[in-house]
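As structure tokens, the structure follows; a few thoughts come after it.
Just so you know, all these numbers are worked out from the coordinates, no wet-lab data involved. On a predicted model such as this, the values are computed, not experimentally measured, just so you know.
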Amino acid sequence: MPILGALMGFSLFLGSAAFPNQNAVKPGTATPAPAVVPGYDVTLTAYNAVAGQTDSTPFETASGAYSNPEIVAARSADLADELPFGTIIAVDGTNASKAACGYNAVAPLIGYRVIEDSMNPRYTSRIDVLFDTKSNLARPDGTRMNAANILGICKGVTIRVVGRVDVRNMPKTQIELAAYVEKGSQLALK
């Protein structure tokens, strides 16, 4: 089979070389759409690296990485094949149900996230974003509350896979992670 695939690829290459303008975009016509990035509809929640919300090692993720609240996210066990450790995701909560969901208030704190942790097996189709215990935001009534509590439970959130990173060499900040994603080098999307 590999030989057949190679021959087909070679013949496609030769075909495009023999007829160089066959795939050229003519003026006034649309260009082909880029490849679609995998997306998943999930429930988005949040947690803090504290013993009551994690296992007995709150500062170590299931992947063995440090529980960095700037970049870490956990995924439910049913998403392990699609979102292995080291998967970089973008979170879009614009279509989330508004009941019990404070996505708009905490969106600036989410940014890109790296799947580094796993959740209790009782949860399915869920992403859990790690927030700093000091990430307190003002509520409309003036009281302050942790971002994890403000986010609440957001159903209908879309996440998209935007890259992969080696969990042994993780970016430390959102700025580093965003630069890594935007640079596009070393990202191996499947």
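Computed quantities for the displayed model
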read-out	value
Length released on extending from Glu176 to Ala138, taking residue separation times 0.36 nm less the Cα-Cα span	11.0 nm
Anisotropy class of region 39-183 from Cα gyration tensor, a/c 1.5 cut	rounded
